[in-house]
Amino acid sequence: MYLVFLGLGSNLGNRLGYLSKAVKEISKITEVGQFSSIYETAPVGMNSQHMFYNMVIEVKTSLSPRQLFGKLKEIEKTVGRSSMVHLEDREIDIDILLYEGMKYEDEKISVPHPELCNRRFVLEPFSEIAPESIHPTSGKTIALLLAQCKGCSFVRKTDLSIELIHSN
């Protein structure tokens, strides 16, 4: 089993609803562990006036990065993502941030996520649930990467939360 961290974001429509639906769908294919608070964040690298809700979740899976990536793209469509264009507004976006202790790259994905160290909007929620996780390329903890992050975009922890109800 792999310990994996996923970043989820939404900046269109019912942002909280999209995050909640995505976590529910992810729980159907993997074991969901911890998940962060929800953070309101400014768009980074895109021209948008819509603020994001972002969060990070921990999952345990036997899926390879390539297999998990394919399933996450299916979940995005199921949850309601209408455009798959990079750096556009989106109902839901799910990124593989890190497979603990693993580096992986192919023509579609890179693990760890190549921009992880530069994105405060991901490092804040990631550090909340797994500050001592080690970035396999830099060898630094997530907490240290957050402390060293030069990204100065707006990131604010909200009082919002989602609940994952396991049904047996």
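Values in this text are rule-based calculations from the coordinates and carry no lab data. Treat the numbers as computed from the prediction; the structure is a model and nothing was measured. Note that each Cβ is placed from the backbone with ideal geometry, even for glycine, and that neighbours are counted across all protein chains shown.
Subtracting the Cα-Cα distance of residue 1 and residue 66 from 0.36 nm times their residue separation leaves 21.9 nm of extension gain.
For the stretch 66-80, backbone phi angles converted through the Karplus equation (6.51, -1.76, 1.60; θ = phi - 60°) give residue-by-residue couplings of 5, 5, 5, 4, x, 5, 5, 5, 5, 5, 4, 5, 4, 6, x Hz, Gly and Pro being listed as x.
Here residue 108 and residue 160 are evaluated by their C-beta separation; at R0 = 41 Å the FRET efficiency comes out at 0.85.
Modelled spin-label separation between residue 74 and residue 147, with each label point placed 7 Å from Cα along the Cα-to-Cβ direction: 4.2 nm. Using a simple spin-label model with pseudo-atoms 7 Å out from Cα toward Cβ, residue 24 and residue 137 lie 3.5 nm apart. Placing +1 on each Lys and Arg Cβ and -1 on each Asp and Glu Cβ, with no other charges, gives the chain a dipole about its Cα centre of roughly 60 debye. By the rule of a C-alpha distance below 21 Å, with chain neighbours fewer than 8 residues away ignored, the lysines paired with residue 157 are 21. Legend: P(r) of the chain from all alpha carbon pair distances, 10 Å bins from 0, whole percents, reading 11, 42, 39, 8, 0. In this structure, the amide hydrogen of residue 90, modeled 1.01 Å from its nitrogen in the peptide plane, lies closer than 5 angstrom to those of 11, 12, counting only residues at least 5 positions away or on a different chain.
The stretch 40-55 and the stretch 94-168 have Cα centres separated by 16 Å.
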